[in-house]
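> Before we start, here is the structure in question, set down as structure tokens.
The values are calculated or read from the model by the stated rules, or taken from the named source; none is laboratory data. What you are looking at is a predicted structure, and each value in this text was computed from that prediction instead of being measured. Using ideal geometry, Cβ is built from the backbone for each residue, glycine included, and neighbour counts are taken over all protein chains shown. Keep in mind that these areas ignore ligands, DNA and RNA; they rest on the heavy atoms of the full protein, side chains included. Shrake-Rupley method; radii C 1.70, N 1.55, O 1.52, S 1.80 Å.
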Amino acid sequence: MLTKKMQDALNEQVKIEAQSSQVYLAMAAWAEIQPGFDNITGFFYRHSDEERMHMLKLIHFINDRGGFARIPSLEQPQLTFPSINHAFKELLKHEVFVSESINKLVDIALSEKDYATHNFLQWYVAEQIEEESLARTINDKLELIGDDKGGLYLFERDILQISVEGDAEQA
Ligand code: OFO
């Protein structure tokens, strides 16, 4: 059984994961109407789907532990970006924010002596290490590319491989 404090904190995380899915969905919809960014668009759509999966995992956990997962209302995410570099910078910032909120949840699980939730959260801790590292790799590459269109063309081609490797590491 979850304590009220733990349940409220997990429900807050449901909202954060759902909001993350919206944030990346907006990036995907924006990238889709930029010419030549098909693979980048696919990356954002997949990332959005993953966040929805993170949200669902939490919902099932809360309900399975005798709690009640409350489906939250969401905020309008940023819809447009000055460039693809800006979108990926926002993605990294967002992942760092998510990692911080997972760490807070782990703290609460320990203070509540809720070892089952603590164990469950370890999956999210590992996932955030992967996601932050992937976002940093992408941002480093974009930093190197700068305004070089040829470099961006290669990046658009390579992001397919980067995300496939990221998924394989997570599997
Ligand atoms: Fe990328 O955030 Fe979920 O956990």
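> Would you kindly find the accessible area of Ser111, with a 1.4 Å probe and non-protein molecules such as ligands, DNA and RNA excluded, rounding to the nearest 10 Å²?
80 Å²
> A further question on this structure: Using a 1.4 Å probe on the protein heavy atoms, what percent of the accessible area of region 1-158 belongs to carbon and sulfur?
Its accessible area is 56 percent carbon and sulfur atoms.
> I would also like to ask the following. So which helices of the chain fit the span-like rule, where a helix is a whole DSSP H run, its Cα atoms reach 24 Å or more along the axis, and its mean Kyte-Doolittle is at least -0.5?
Qualifying helices: 4-32, 84-111, 115-145, 149-170.
> Accessible surface of Asp49 in the full protein assembly, 1.4 angstrom probe, to the nearest 10 Å²?
Only protein atoms counted, so the area is about 100 Å².
> If each residue of separation counts as 0.36 nm, what is the full-extension length gain between Phe97 and Lys5 once their alpha-carbon separation is subtracted?
Gain on stretching Phe97 to Lys5: 31.1 nm.
> For the full complex of protein chains and a 1.4 angstrom probe, list Leu144, Leu92 by accessible area with the highest value first.
Leu144, Leu92
> In nanometres, what is the gap between the two model label sites at Asn139 and Ile71, each 7 Å from Cα along Cα-to-Cβ?
Computed distance between label sites Asn139 and Ile71 equals 3.3 nm.
> For His86, tell me the accessible area in Å² from a 1.4 Å probe, rounded to the nearest 10.
90 Å²
> Turning to a different aspect of this structure: Contour minus end-to-end for Val106 and Glu132, with contour as 0.36 nm per residue of separation and end-to-end as the Cα-Cα distance?
Additional length available on full extension: 7.6 nm.
> Can you put Lys57, Lys104 in order of accessible area, largest first, using a 1.4 Å probe?
Lys104, Lys57
> Now for a separate question. Using every Cα-Cα pair within region 75-171, state what percent have a distance larger than 18 Å.
Summing the P(r) of region 75-171 above 18 Å gives 57 percent of all pairs.
> Here's another thing I want to ask about it. Determine Rg/Rh for the chain; Rg is computed over alpha-carbon atoms and Rh is the Kirkwood hydrodynamic estimate from the same atoms.
Rg divided by Rh gives 1.02.
> Can you compute the label reach from Leu79? Point 7 Å from Cα along the Cβ direction, backbone N cut-off under 12 Å, restricted to region 28-46.
Of the residues in region 28-46, 30 have backbone N under 12 Å from the label point off Leu79.
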